[in-house]
Amino acid sequence: AEEEIGLGRVSDVCFGAGPSEEVKLFSSRATLAIASPVFQTMLFTEPWTSKVPPPADGAYDPSRHMYVAVTDVEPSALRCLLRYVHHLDPNLSLDNSLHVYRAADKYQIEGLRGACDAFLEEHANPNDVELMLRLFDIACRLSIEKYAKYFLDKLAELSRLQTWRLLGAEEFLSLHPASMATMLGSDGLCVDEEPLWLALRHWAELRAATLPASHRGGIAAAGTRRNDESSAAPGPPRRPEMSPEATEHPSEWPAAAQEASGSRWQEVLRPLKRLIRFPAMDADFFAREAAQAGVLSADEAVGIFCYQFRRKGGACGGPALEVFGGADDDDPPDELVADHFRAEPRAPRLGFCASPGPSGDSPFSEECGLLAATSSSAIVVDGKGLCPGKWGNSVVLGGSGSGFHFAFGSQGFSSGRHAWTVS
């Protein structure tokens with residue numbers, strides 16, 4: 001059965017697999033129809049069977065074989081599917097499981113789809129940053145929404161504890177713009193905007209300087225497959241540039257973001273700029289690294305500067321203490337700065353639910369703008385003061401003894417600061 005898939009001596013169906021139908025694989029109409037209702041319709045209805053076959057090519061003989069072109073499925077994934085249909089081990093791997101899942105979903109072969117689910121659940125290590133990025137990218141390129149969301153959630157968890165490994169990973173630099181847009185649009189990513197911007201710039205520079213065919217990364221470099229049996233041999237499939245079903249997102253991607261060769265990095269990154277939270281950046285960093293990089297328009301940069309100036313109380317290099325939320329905040333949480341950019345940080349921030357010092361010190365509360373309502377995800381009560389230092393911010397507690405109460409809670413940590421010490 002395994003040899004027959006490649007040789008087609010007694011088969012009556014020939015698949016032309018690959019973008020150019022360059023790989024020929026063989027099977028039986030009856031076997032396929034029993035395994036898949038889609039194949040049953042394709043192979044036993046008049047509109048399909050009446051099509052004019054292509055001329056003979058290699059083992060394919062139009063007098064014996066019904067020809068079916070399958071240009072949107074990787075040849076190696078189709079081979080795995082045919083092995084499963086013929087009761088052979090489909091030879092799943094981390095490199096091909098998503099491709100096989102998509103093929104099984106297309107042809108409604110529930111058993112093979114379940115086998116792919118089980119294989120990924122067992123073998124996809126959620127703590128492996130490179131692997132999660134690679135699988136996420138493939139799922140996005142193949143438009144497998146279920147797994148794109150699943151692996152994005154895993155990456156969100158990893159971003160809390162492995163921020164620098166995530167942003168510096170080779171697979172991060174190999175992400176397709178559609179995958180990058182999906183990641184940047186997620187609310188689960190827990191990273192500071194400054195290192196994220198630097199990583200995005202590196203990604204855009206590499207994409208602008210490298211031909212798409214030589215910068216797919218991770219699974220295998222794309223190349224021209226020969227129309228012979230060796231090209232149909234099992235092996236890791238190339239990473240698709242985009243699935244035939246995938247839609248371009250954002251819709252205004254220029255040719256530079258798709259072709260990339262010879263383009264400037266700003267042209268590659270500009271279509272994604274609305275997903276970058278420039279207002280959440282440190283004002284000095286934004287002025288030095290992002291404002292004049294050529295990605296933002298002059299009006300957008302001015303709008304972000306004005307927002308940062310207002311949030312700092314009129315002093316762009318102001319005190320380390322920032323206020324998140326509060327009744328006198330001029331900017332609602334959902335406001336888009338300069339009409340396009342979200343302002344809330346991706347990483348949690350420290351905030352007070354009461355003024356530093358003794359309770360009831362209302363003049364000091366008004367001076368600092370600290371009110372009872374806060375939207376921050378970390379809260380400190382009864383703090384005497386917030387002091388910056390080389391190890392991060394420290395809070396001096398305002399009392400001692402059994403009557404003093406201190407509570408702290410957070411949904412996550414800013415990158416690089418993963419612990420609190422209470423002494």
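The values are calculated or read from the model by the stated rules, or taken from the named source; none is laboratory data. What you see is a predicted model; the values in this text were computed from it and never measured. Please note: Cβ atoms are built from the backbone with ideal geometry, for glycine as well, and neighbour counts cover all protein chains shown. Only protein heavy atoms, including side chains, enter the accessible area calculation; ligands, DNA and RNA are left aside. Shrake-Rupley method; radii C 1.70, N 1.55, O 1.52, S 1.80 Å.
Odds and ends about this structure:
- Here is the figure for the range 172-193: residues that are charged (D, E, K, R) and open to solvent by 10 Å² or more (accessible area, probe 1.4 Å) total 2.
- Given (1) surrounded by fewer than 22 Cβ atoms within 10 Å (Cβ to Cβ); (2) free of Cβ contacts under 8 Å to residues at least 40 places away in the same chain, number of the condition residue 91 does not satisfy: (2)
- Looking only at the range 92-127, residues that are closer than 15 Å to residue 36 by Cα and assigned to a loop (DSSP other than H, G, I, E, B) come to 3 in all.
- Taking the range 13-27 as the range and being aliphatic (A, V, I, L, M) and touching a Pro at 6+ places or on another chain (Cβ under 9 Å) as the test, the residues that pass are 17, 23, 25.
- Residue in the range 157-170 that is touching a residue at least 12 places away in the same chain (Cβ under 8 Å), open to solvent by less than 20 Å² (accessible area, probe 1.4 Å) and over 30 Å from residue 292 (Cβ atoms) present: yes
- Residue check, residue 308 closer than 24 Å to residue 199 by Cβ, surrounded by fewer than 16 Cβ atoms within 10 Å (Cβ to Cβ), modelled with pLDDT of 65 or more and out of contact with any Ser or Thr (no Cβ under 9 Å at 6 or more places or on another chain): no
- Taking the conditions (1) farther than 20 Å from residue 30 by Cβ; (2) over 22 Å from the mean Cα position of the chain (by Cα); (3) aliphatic (A, V, I, L, M); (4) modelled with pLDDT of 95 or more in turn, residue 98 satisfies each one other than (2).
- Single condition residue 151 does not satisfy, out of (1) closer than 25 Å to residue 293 by Cβ; (2) modelled with pLDDT of 95 or more: (1)
- Of the residues making up the range 101-151, just one is free of Cβ contacts under 8 Å to residues at least 12 places away in the same chain, under 21 Å from residue 79 (Cβ atoms), open to solvent by 40 Å² or more (accessible area, probe 1.4 Å) and not charged (D, E, K, R), namely 118.
- Residues satisfying the stated conditions in the range 7-35, i.e. within 17 Å of residue 89 (Cβ to Cβ) and within 36 Å of the chain's Cα centre (by Cα): 25, 35
- Members of the range 251-274 found to be small (Gly, Ala, Ser), outside any helix (DSSP H, G or I) and either at pLDDT 95 or above or more than 14 Å from residue 203 (Cβ to Cβ) (or both), listed by number: 251, 261, 262
- Filter pass, residue 277 being at pLDDT 90 or above, open to solvent by 30 Å² or more (accessible area, probe 1.4 Å), within 19 Å of residue 183 (Cα to Cα) and under 29 Å from the mean Cα position of the chain (by Cα): no
- Search result, residues across the range 286-295 that are within 26 Å of the chain's Cα centre (by Cα) and open to solvent by 20 Å² or more (accessible area, probe 1.4 Å): 289, 294
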